[in-house]
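Each remark here refers to the structure printed beneath this line.
The values are calculated or read from the model by the stated rules, or taken from the named source; none is laboratory data. Here the structure is a predicted model, which is why all the values come from computation and not from measurement. As a convention, Cβ positions derive from the backbone with ideal geometry for all residues, glycine included, and neighbour counts pool all protein chains shown.
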Amino acid sequence: MFEYFFGLDGRLGRAQFWKRNFQLMILLFLGVVVLVPLTRLMGRNPFLLALLALFPLIAIAGTGSLIVRRLHDHGRPTWLALPYLVVSLAGLVPSPPGRTQAQLMAMGLITLASVILFVHLYCLRGTRGPNRYGPDPRG
């Protein structure tokens, strides 16, 4: 299961990318659904709180590895996943009230970049045939 979500080798086609992202979200959701009530029942148990704190890290690592393999399907290098993750995480940062013009522009650029990255990862077909990262996942 580790290699299924967190491996960095090989290529990942669109359908598998959608499927594994959905499965990762379900697993993380179920984990939180179980852990949050447990922390309320058992009080501030340090072990449970540490497990709960790991969930965002697991989500980032899982998503990052899926992005890497999807980029490999397009023939792109591994390091290119970093800008994808930065843009994805930047969209999660809350903006303060009374936004300035510069903050609104930054939010607009982050949104535009997110749409472009979404289309690239989720909608565009990868390289046809084998590339330097492996055989075509479509066969």
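Brief remarks on what is shown
Quick grid of which residues meet (1) at pLDDT 90 or above; (2) closer than 30 Å to ARG132 by Cα; (3) surrounded by 15 or more Cβ atoms within 10 Å (Cβ to Cβ):
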| site | (1), (2), (3) |
| --- | --- |
| PHE2 | no, yes, no |
| ASP9 | yes, yes, no |
| LEU12 | yes, yes, yes |
| VAL36 | no, no, no |
| LEU92 | no, no, no |
| PRO96 | no, no, no |
| ARG99 | no, no, no |
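- In region 12-36, the residues that are more than 21 Å from ARG76 (Cα to Cα) reach residues that are among the polar types (S, T, N, Q) with C-beta atoms within less than 8 angstrom, at least six apart or across chains, in these pairs: LEU24/THR63.
- Condition check for ALA106: modelled with pLDDT of 90 or more and either in contact with a helix residue (DSSP H, G or I) (Cβ under 9 Å, 6 or more places away or on another chain) or not in a helix (DSSP H, G or I) (or both): no
- Summed over region 115-139, residues that are surrounded by 11 or more Cβ atoms within 10 Å (Cβ to Cβ) and more than 17 Å from ARG14 (Cα to Cα) total 0.
- Pair list, Cβ under 6 Å, 6 or more apart: region 105-120 residue of a type outside the set (Asp, Glu), other residue outside any helix (DSSP H, G or I) and at pLDDT below 90: ILE110/GLY91; SER114/GLY91
- Single match in ARG128, ARG70 (criterion: in contact with a helix residue (DSSP H, G or I) (Cβ under 7 Å, 6 or more places away or on another chain), among the basic types (Lys, Arg) and closer than 20 Å to GLN16 by Cβ): ARG70
- Conditions (1) touching a helix residue (DSSP H, G or I) at 6+ places or on another chain (Cβ under 7 Å); (2) surrounded by 15 or more Cβ atoms within 10 Å (Cβ to Cβ); (3) closer than 25 Å to PRO135 by Cα: number failed by LEU80: (2)
- Only residues that are in contact with a helix residue (DSSP H, G or I) (Cβ under 9 Å, 6 or more places away or on another chain), in a helix (DSSP H, G or I) and aliphatic (A, V, I, L, M) were counted across region 1-43, and they come to 9.
- Pick from region 56-77, criterion assigned to a loop (DSSP other than H, G, I, E, B) and on the phi < 0 side of the Ramachandran plot, ranking: surrounded by the fewest Cβ atoms within 10 Å (Cβ to Cβ): PRO77
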